[in-house]
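I have placed the structure first, in the form of structure tokens, so that the comments after it can refer back to it.
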Amino acid sequence: MTKEVMDSIREKLMQAYSADLYDVLDKMGYPNQCLDLSISPLSPDWKAAGPAFTIWGIREPRFDGDLPRPDFDNHALFDRIYPGCIVAINAEKDQIVGHWGEMMSYGARAAGAVGAVIDGGTRDKPGILDIENWSCFARYTSPIESKSRWRPREVEIPIYMTGTLTSSVLVRPGDWLFGDVDGVIVIPIEILEEAAEKVSELAHLERLSREAFREGKTFREVYDMYRRA
């Protein structure tokens, strides 16, 4: 996918809300793409859209440095992250440590990423909140260091993140994530362009509806005009 196409898709998505996108995917036959609602932005104003750069890790690692990890050793992760992506982490239900943090956010942003979505926890919330052009979504925040308690094992493989209407949602490398204060939605790459076009059209109708309400129109009048209110 070219940068121009990615930028166009991101622009369309960022005009909308996650609720708009959910409605679009629901009508397209994809009702189960919403991640667990506890995965939320550290700041309610944050939004993010981009292809998933996936990371899978394990709790209570059985191997403490004995096995090489070519995707992570010597900070190799930041050579793999690419412009426009969103780091997506399956922390395998760990509910204690911070699986991400401020310095990781700076490093990922320097490599071109636009955000992180963590099915787990993050540390350094005050520092992350100060990072410009960045959005971080997580289940919780924690002061606890992940070293010796949790470790990433593989990148850019299909992962399963906790769902809302289903126990899990498949996130493949290149599937898109869109998140705002209401939640995070996974968009399968096969339907990405169609979904982006439809949600852009829906967002436009909603903007027109808001303007009509501000002009004093009734609910029935607005609905009759735009079929959206």
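The values are calculated or read from the model by the stated rules, or taken from the named source; none is laboratory data. Treat the numbers as computed from the prediction; the structure is a model and nothing was measured. Note that we place each Cβ from the backbone using ideal geometry, even for glycine, and neighbour counts take in every protein chain shown. SASA here: full protein model, heavy atoms, side chains in, ligands and nucleic acids out. Shrake-Rupley method; radii C 1.70, N 1.55, O 1.52, S 1.80 Å.
Key figures for this structure:
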quantity	calculated
Integer Hz, Karplus 6.51/-1.76/1.60 couplings in order for region 21-30, x for Gly and Pro	5, 4, 4, 5, 5, 4, 5, 7, x, 10
Heavy-atom accessible area order for H99, H75, largest first, 1.4 Å probe	H75, H99
DSSP-defined antiparallel bridges as percent of all bridges, the chain, nearest 5	55
Over region 83-129: Rg over Rh, Cα atoms, Kirkwood Rh	0.97
Under 16 Å from K3, Cα to Cα: aspartates and glutamates that are on another chain or at least 8 residues apart	E11, D175, E193
Amide proton proximity set for S43, modelled H, under 5 Å, gap of 5+	C136
Whichever lysines have a C-alpha closer than 22 Å to that of K147, once near sequence neighbours (fewer than 8 apart) are set aside	K93, K125
Evaluated over the chain, the Cα radius of gyration and Dmax, each in Å	18.7, 68
Where D119, D224 fall by accessible area, highest first, once all protein chains stay in place (1.4 Å)	D224, D119
Mean ellipticity per residue at 222 nm, deg cm²/dmol - from DSSP H runs of n ≥ 4 across the chain, formula -39500 (n - 2.57)	-9000 deg cm²/dmol
Computed E for M28/Q95 - FRET, C-beta separation, R0 25 angstrom, nearest 0.05	0.15
Sulfur and carbon atoms: percent of accessible area, the chain [1.4 Å]	50
Accessible surface, region 89-225, averaged per residue in Å² (probe 1.4 Å)	48
Ranked packing of 142-148, 5-11, 172-178, most packed first, by mean Cβ within 10 Å	172-178, 5-11, 142-148
Whole-Hz couplings from phi, Karplus 6.51/-1.76/1.60, listed for region 75-92; x for Gly and Pro	6, 5, 3, 6, 7, 8, 4, 10, x, x, 7, 10, 5, 10, 10, 9, 8, 6
For region 16-59, Kirkwood radius (reciprocal of mean inverse C-alpha pair distance, Å)	12.8
Taking the chain and dividing mean pair separation by its residue count, relative contact order in percent (alpha carbons under 8 Å, at least six apart)	30
Cβ crowding within 10 Å averaged over residues, with 101-108, 15-22 ranked highest first	15-22, 101-108
Accessible area of Y82 in the full protein assembly, 1.4 Å probe (Å², nearest 10)	70
For region 97-169 versus region 1-49, the gap between their alpha-carbon centres in whole angstrom	18
Those aspartates and glutamates that a straight Cα-Cα span of less than 17 Å connects to K217, excepting residues fewer than 8 apart in one chain	E206
